[in-house]
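The block underneath contains the structure these notes are about, expressed in structure tokens.
The values are calculated or read from the model by the stated rules, or taken from the named source; none is laboratory data. Bear in mind the structure is a predicted one, so any value in this text is a computation, not a measurement. Here the Cβ positions follow ideal geometry from the backbone for every residue, glycine too, while neighbour counts run over all protein chains shown. Just the protein is used for accessible areas: all its heavy atoms, side chains included, with ligands, DNA and RNA removed. Shrake-Rupley method; radii C 1.70, N 1.55, O 1.52, S 1.80 Å.
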Amino acid sequence: MHAGLLSVCTAMWLCPELVQTKSMGSNIPADNRLYADYMGWDKLTEDGCWGKFEEGSYTDQELSEKGRLFWETFIHKRSEGLLQILEEAYRRKMAK
């Protein structure tokens, strides 16, 4: 898997048996972030990896925990907003 820290953490949380950690990626120039959704990362980065990962910076357990914490927090926050939208949609639908 080729990616930066977040992707490595995600993979270590979900399927650690498939991950071979090694240093990869590079720092991404701030200007390149504007184009991330419109161009292939191979044109915006040195090696196609979005972000930098340095082998040995974290233990496998720390990587896994960071992945779990990020995604559980992200999903929780997104779910809060969704609940508010759905409740308001229901209220509007049921109003006469």
(message) If I ask for residues that are open to solvent by 70 Å² or more (accessible area, probe 1.4 Å) and either in contact (Cβ under 8 Å) with a residue 40 or more places away in the chain or out of contact with any helix residue (DSSP H, G or I) (no Cβ under 9 Å at 6 or more places or on another chain) (or both), which ones from the range 45-55 would you list?
(response) E46, D47, K52, E55
(request) Name, by its number, the condition in (1) free of Cβ contacts under 8 Å to residues at least 24 places away in the same chain; (2) surrounded by 10 or more Cβ atoms within 10 Å (Cβ to Cβ); (3) aromatic (F, W, Y) that does not hold for Y38. (result) (2)
(request) Could you grab me the full set of residues in the range 1-30 that are among the polar types (S, T, N, Q) and either buried (at least 18 other Cβ atoms within 10 Å of the Cβ) or assigned to a helix (DSSP H, G or I) (or both)? (result) S7, T10, T21
(request) May I ask you to say which residue of K43, K66 is modelled with pLDDT under 95 and either closer than 18 Å to L6 by Cβ or charged (D, E, K, R) (or both)? (result) K43
(request) For R33, state whether it is in a helix (DSSP H, G or I) and surrounded by 11 or more Cβ atoms within 10 Å (Cβ to Cβ). (result) yes
